[in-house]
1. So what is the relative contact order of region 58-177, in percent, for Cα pairs below 8 Å that sit 6 or more residues apart?
2. Could you please state, rounded to a whole Å, how far the C-alpha centre of region 143-182 is from the C-alpha centre of region 1-34?
3. Rounded if a/c is under 1.5, else prolate if a/b beats b/c, else oblate: with a ≥ b ≥ c from the C-alpha gyration tensor eigenvalues square-rooted, which is region 129-168?
């Protein structure tokens, strides 16, 4: 029997695409906003948070053309692994930036804000990419329902894809030294 960690798949970002993402993030830094949290009982919440919500990261959206390029590449790889998976849309890629002393509390991806009334669906696959790794901290940690935890996405220039369900509770540990630059998007 497979365990939940078997469904977290890691892939490499091609060097040319990695450079394009890093260069774009430099341009987009003027657009960074402090990430805010919503509670699990509030309609339109970003995610269900069970950890410390005082740790704030920053985020901004990538340009649509680059977003489509990256999500198309990533989704093509997950389709090679799961040929029966039917994904028709991905959200705009979002950069997440974690300066020192910031992280993201434990949550699972119950995303409401990606649906605008016209666009409808349920996130099926979450994608997280690591553009720049901090010197210390900033690990992406998954905890399965039985309590076992694993750190994934440990190398710069890689991304993980995993099911967007309550079984895949995850967090980003606080950055101790340096800065963590990453991207996320959801597909359905």
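1. Relative contact order of region 58-177: 31 percent.
2. What the calculation gives is 12 Å, centre to centre.
3. On the way: a/c = 3.36, a/b = 1.64, b/c = 2.04.
In terms of gyration-tensor shape, oblate.
Laboratory data are not the source of any read-out in this text; all were calculated from the coordinates shown. Everything numeric here is computed off the predicted structure, so don't read it as measured data.
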